[in-house]
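S.K.: I have a structure I would like to understand better, so I am pasting it below and will then ask my questions one at a time.
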Amino acid sequence: MGCDASVLLNSVNKNTAEKDGPANGSLHAFFVIDNAKKALEALCPGVVSCADILALAARDAVVLVGGPTWEVPKGRKDGRISRASETSQLPSPTFNISQLKQSFSQRGLSLDDLVALSGGHTLGFSHCSSFQSRIRNFNATHDIDPTMHPSLAASLRSVCPKKNNVKNAGATMDPSPTTFDNTYYKLILQGRSLFSSDEALLTFPKTKNLVSKFATSKETFSKAFVNSIIKMSSITGGQEIRKDCRVVN
Ligand code: HEM
């Protein structure tokens, strides 16, 4: 795994690809990347990788919703392997701080990177399945995660029925899911974050201090986010420049 656009490959014959793995069920709009690739191939064929397109599109998406901009280092190559089973290596929303720390450090990312990159949760939506363990049968003594604000727990329970069979039910990560801001960090401090992995950022004094810093300044958060996302997106490992982002050459 790495920033090699393996997530864009389609499943073929016996190989189920990452995009069809359990953790990636909410990925969509692959056509946006296809369109960018078509335009680039028409102008200068074989030059811009799908991995670079993805990194640039992520940057542009952040800019479009009011976040910072940055120069994306280019030259990534596209991978030739994509396995659904490898999505189990992604950090889980139920992870505690030690598990998150380990998962990030395996990829050369620090606790500072963890706090800054988790700020990506200022955008978007989560399905009930990603936080259900916090709102029902949490543990032997608590039905609801005691670190979750009771009013958030109540509203999540009403949106997510006991038998989680309402397709697409869930909640936005914060009340401004299409604005890149530091609301996410303010919510963590109030016990109003969705995932255990968000709440976990309060566990260590070092990470909690960073959450507080980012909650008081969008600028400080933005600078840290840019620094860490450049670092994360330079984890590479591809071999080729694909002609079509959905299939290997
Ligand atoms: C710290 C480890 C992380 C964990 C455990 C995690 C977990 C999750 C989960 C469970 C979802 C919801 C999926 C769903 O139910 O549909 C989600 C959504 C999202 N995550 Fe993360 N994530 C992590 C790191 C990141 C990073 C590094 C970024 C980007 C910098 C990011 C950006 C997002 C965004 C934008 C969404 C919303 C997607 C949508 O609206 O469809 N996350 N994350």
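S.K.: Report yes if some residue within segment 42-51 is buried (at least 16 other Cβ atoms within 10 Å of the Cβ), within 15 Å of the ligand (Cβ to nearest atom) and under 28 Å from Gln106 (Cα atoms); otherwise report no.
M.R.: Checking segment 42-51: not a single residue is buried (at least 16 other Cβ atoms within 10 Å of the Cβ), within 15 Å of the ligand (Cβ to nearest atom) and under 28 Å from Gln106 (Cα atoms).
S.K.: Taking segment 201-217 on its own, how many of its residues are among the charged types (D, E, K, R) and either in contact (Cβ under 8 Å) with a residue 24 or more places away in the chain or not assigned by TED's automatic domain parsing to the domain that holds Ser118 (or both)?
M.R.: Residues that pass the stated criteria total 1.
S.K.: Has segment 100-113 got at least one residue that is surrounded by fewer than 18 Cβ atoms within 10 Å (Cβ to Cβ), closer than 29 Å to Val159 by Cβ, at pLDDT 95 or above and of a type in the set (S, T, N, Q)?
M.R.: Checked against the condition, which is being surrounded by fewer than 18 Cβ atoms within 10 Å (Cβ to Cβ), closer than 29 Å to Val159 by Cβ, at pLDDT 95 or above and of a type in the set (S, T, N, Q), segment 100-113 yields at least one hit.
S.K.: A further question on this structure: Of all residues in segment 81-126, count the ones that are more than 11 Å from the ligand (Cβ to nearest atom) and hydroxyl-bearing (Ser, Thr, Tyr).
M.R.: The total comes to 7.
S.K.: Also, I was wondering about something else. Does segment 115-168 hold any residues that are assigned to a loop (DSSP other than H, G, I, E, B), among the aliphatic types (A, V, I, L, M) and within 20 Å of Leu187 (Cβ to Cβ), and which are they?
M.R.: Leu123, Ile144, Met148
S.K.: Something else now. For a quick check of your reading of the model, give me the residue pairs whose first member lies in segment 58-78 and is more than 17 Å from Thr220 (Cβ to Cβ), whose second is part of a strand (DSSP E or B) and charged (D, E, K, R), with beta-carbon atoms closer than 7 Å and at least 6 apart or on different chains.
M.R.: Partner pairs satisfying both residue conditions: Lys77/Glu240; Asp78/Glu240.
S.K.: Output the residue which, of all residues in segment 12-41 that are of a type in the set (Gly, Ala, Ser) and surrounded by fewer than 16 Cβ atoms within 10 Å (Cβ to Cβ), is farthest from the chain's Cα centre (by Cα).
M.R.: Only one residue fits best here, namely Ala39.
Yes or no, residue by residue, for (1) at pLDDT below 95; (2) in a helix (DSSP H, G or I); (3) among the polar types (S, T, N, Q):
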site	(1), (2), (3)
Glu199	no, yes, no
Lys206	no, yes, no
Val211	no, yes, no
Ala215	no, yes, no
Thr220	no, yes, yes
Lys223	no, yes, no
Ser228	no, yes, yes
Thr236	yes, no, yes
Asn249	no, no, yes
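S.K.: Can you name the residue in segment 177-199 that is over 15 Å from Leu114 (Cα atoms), within 13 Å of the ligand (Cβ to nearest atom) and of a type in the set (S, T, N, Q) and, of all such residues, is surrounded by the most Cβ atoms within 10 Å (Cβ to Cβ)?
M.R.: The extreme case among them is Ser193.
S.K.: Under 7 Å between Cβ atoms, at least 6 apart or on separate chains: pull out the pairs that start in segment 6-26 with a residue that is small (Gly, Ala, Ser) and end on any residue that is not in a loop (DSSP other than H, G, I, E, B).
M.R.: Ser6/Glu18; Ser11/Asp20; Ala17/Ala84; Gly21/Ala84; Gly21/Thr87; Ala23/Thr87; Ser26/His127
The values are calculated or read from the model by the stated rules, or taken from the named source; none is laboratory data. The structure displayed is predicted, hence computed values, not measured ones. Positions of Cβ are backbone-derived with ideal geometry, glycine not excepted, and every protein chain shown enters the neighbour counts.
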